[in-house]
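In what follows, a structure is listed as structure tokens, so that the remarks can point back to it.
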Amino acid sequence: MTEVQPIRTLADIERAVTHPDIDYELARASRYRWTRDPMTGLHLPYEHRHSGVTGTYAELIYSNPLAFTAKNTFTAEFQINDQVAGTGPPPVIPALFFVPGYARGKTLRIVARGLQLGTGSTPPTWTLTLRLNPVVTPANPPTGPIIGISNAMTGTTTTNTLWEAELDVQMTLEGAPGNNSTLRGLGRWSSPQGFTSPFESMLYGGAVNTVGTVATFDLSLLNTLTVGMTCGTSLAANQMQLLQLLVFGLN
């Protein structure tokens, strides 16, 4: 293969016009190829959509513009990423995001961060639940497939302590349209100052302390992501707030 030399002088430029270097031109051409985005249908430059040896890419699907409203005085699962205070609609995963025939192993990454506040007399217990709901506007409490759920964690009485959750959700089995596909969700939820020992909980798809799979996902429908919280004691001083919610597609 001919070694590609950099063009430095006017003579080099003239020679490049009359005697093109095939290897150099092929290298340049690959940067200007356009490919169709399977999610939007738009044509984008190849190098902007792909990287690495596998041709995969990562993209930010959702980022909340404003902090969500703090919630208190509840015991049943309550959606804490609601549409109050101008935060806009909750994140959605488009229908057929997990494209049949190509979806096995495709992954969503969900990162959530917020604050908790408890009382000295009755410390709260918190349970975090993340769901994909096959509707545009989920019910409250949400009822969609659980892609991540924690153990009940005991909160501290420290004011405004940060918590962080990170969950990866893989497609492990593509099923026919309907509740026939299987996802695996695994992650962690932690707060070194906001929870008492052990300070963190595992997140499992389906149910607590399982292999993390949920087998009732419908890949053919738009799915809305909800972040739900359950409080053990209904008090105004037991408060939970979601500040940051990021959703990534690892495609």
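Taking first residues from region 96-120 that are among the polar types (S, T, N, Q) and partners that are part of a loop (DSSP other than H, G, I, E, B) and buried (at least 18 other Cβ atoms within 10 Å of the Cβ), the Cβ contacts under 9 Å between residues at least 6 apart in sequence or on separate chains come to Thr107/Asn251; Gln116/Pro124; Gln116/Thr156; Gln116/Ser191; Gln116/Gly194; Gln116/Asn238; Thr119/Asn238.
Taking the condition within 17 Å of the chain's Cα centre (by Cα), of a type outside the set (Asp, Glu) and either under 27 Å from Pro65 (Cα atoms) or assigned to a loop (DSSP other than H, G, I, E, B) (or both), does Leu183 pass? Taking the combined requirement at face value, the residue does not satisfy it. Report, by residue number, each residue of region 107-127 that is modelled with pLDDT of 90 or more and either exposed (fewer than 15 other Cβ atoms within 10 Å of the Cβ) or more than 11 Å from Cys231 (Cβ to Cβ) (or both). Those that are modelled with pLDDT of 90 or more and either exposed (fewer than 15 other Cβ atoms within 10 Å of the Cβ) or more than 11 Å from Cys231 (Cβ to Cβ) (or both): Thr107, Leu108, Arg109, Ile110, Val111, Ala112, Arg113, Gly114, Leu115.
Against the test of being over 17 Å from Glu77 (Cα atoms), at pLDDT below 90 and more than 19 Å from the chain's Cα centre (by Cα), the options Thr157, Thr233 yield a single qualifying residue, Thr157.
Within region 68-99, no residue satisfies the criterion of being exposed (fewer than 15 other Cβ atoms within 10 Å of the Cβ), over 19 Å from Thr137 (Cα atoms) and not β-branched (Val, Ile, Thr). Looking across region 152-175, the residues that are more than 18 Å from Leu250 (Cα to Cα) and touching a Leu at 6+ places or on another chain (Cβ under 9 Å) come down to Met153, Gly155, Thr157, Thr158, Thr159, Asn160, Thr161, Leu162, Trp163, Gly175. The set of residues in region 212-233 being surrounded by fewer than 24 Cβ atoms within 10 Å (Cβ to Cβ), among the hydrophobic types (A, V, I, L, M, F, W, C) and in contact with a Gly (Cβ under 6 Å, 6 or more places away or on another chain) is empty.
The values are calculated or read from the model by the stated rules, or taken from the named source; none is laboratory data. Just so it is clear, the structure is predicted and the values come from calculations on it, not from any experiment. Reconstructed Cβ throughout: ideal geometry from the backbone, glycine too, with neighbour counts over all protein chains shown.
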